[in-house]
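Engineer: Got a structure for you, written out below as C-alpha cells; questions coming shortly.
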Amino acid sequence: DGKPTYQTVLQHSATANVVIPPRSTAVESNGDTGPPDQRDKHIAAIAKDGRLQWQAATGYGKRALIETAIGRYKGLIGRRVRARSFATQQTEVAIGCIVLNRMLACGHPESVRRQVRQA
C-alpha cells in the first residue's frame, strides 16, 4: 500500500500489475521523479472515479470470490482428494465441481423482471 511495497513487487517482477489499494490518506508522489508509477495512477483513478469503480476496473476483489468458492468446495466435497493417481484425481475434482455447481444452481432464484403497467 506504500511506495516500498510497490518497489518490492516490481523488483521481483518488472511487468507485474500491482493491485493493492492505496490508503485513503495516500497522496501522489512528486512528478519530478519521472512519469507516474502504478501507485500514482491508482491514486488518481480513485480520486477521479471513486474506489468502487477502481476495484471494478482493476479486478480487485476477485481473490475473495475464488477463496469463497474453494471454501465451499472444501466444506461440501472434502479437504483432500481420495484418488491416488493424478488422472483419477482430476476426474474426482471435476466431478466435485459439477456437484458443487449443481447444488449452487438449486439455490439460485429464477427471477424475472416485473413489467410495470403504464396507466
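Read-outs: derived from the displayed coordinates by stated rules, not from any lab. Quick caveat, the model's predicted, so the values are computed rather than measured. Note that we place each Cβ from the backbone using ideal geometry, even for glycine, and neighbour counts take in every protein chain shown.
Engineer: Based on DSSP H assignment, which helices of the chain show an axial Cα extent of at least 27 Å together with a mean Kyte-Doolittle hydropathy greater than or equal to 0.5?
Structural biologist: Length and hydropathy pass: 86-107.
Engineer: Can you work out ³J(HN,Hα) from phi for every residue in the stretch 109-119, in order, using Karplus 6.51 cos²θ - 1.76 cosθ + 1.60 and θ = phi - 60°, giving whole Hz and x for Gly and Pro?
Structural biologist: x, 9, 9, 10, 5, 6, 7, 8, 6, 8, 8
Engineer: Continuing with the same structure: How far is it, in nm, from the label point at residue 64 to the one at residue 29 when both lie 7 Å from their Cα along the line to the Cβ?
Structural biologist: It works out to 2.8 nm between the two label points.
Engineer: Tell me whether the stretch 3-58 comes out rounded, prolate or oblate; compute the Cα gyration tensor, take square roots of the eigenvalues as a ≥ b ≥ c, and use a/c under 1.5 as the rounded threshold. Provide the component values of the computation, followed by the final result.
Structural biologist: Details: a/c = 1.92, a/b = 1.28, b/c = 1.49.
Since a/c reaches 1.5 but b/c is at least a/b, the shape of the stretch 3-58 is classed as oblate.
Engineer: Could I ask something else about it? Classify the chain as rounded, prolate or oblate from the Cα gyration tensor: take a ≥ b ≥ c as the square roots of its eigenvalues, call it rounded if a/c is under 1.5, otherwise prolate when a/b beats b/c and oblate if not. Walk me through the numbers on the way to the answer.
Structural biologist: Working: a/c = 3.86, a/b = 1.41, b/c = 2.74.
Taking the square roots of the gyration eigenvalues as a ≥ b ≥ c, the chain is oblate.
Engineer: Can you check what the net charge comes to around residue 95, using other residues whose Cβ is under 12 Å from the Cβ of residue 95 (Lys, Arg +1; Asp, Glu -1)?
Structural biologist: Net of charged neighbours comes to +1.
Engineer: To continue, here is another question. Spin-label point model (7 Å from Cα, Cβ direction): what's the residue 114 to residue 53 distance in nm?
Structural biologist: 3.2
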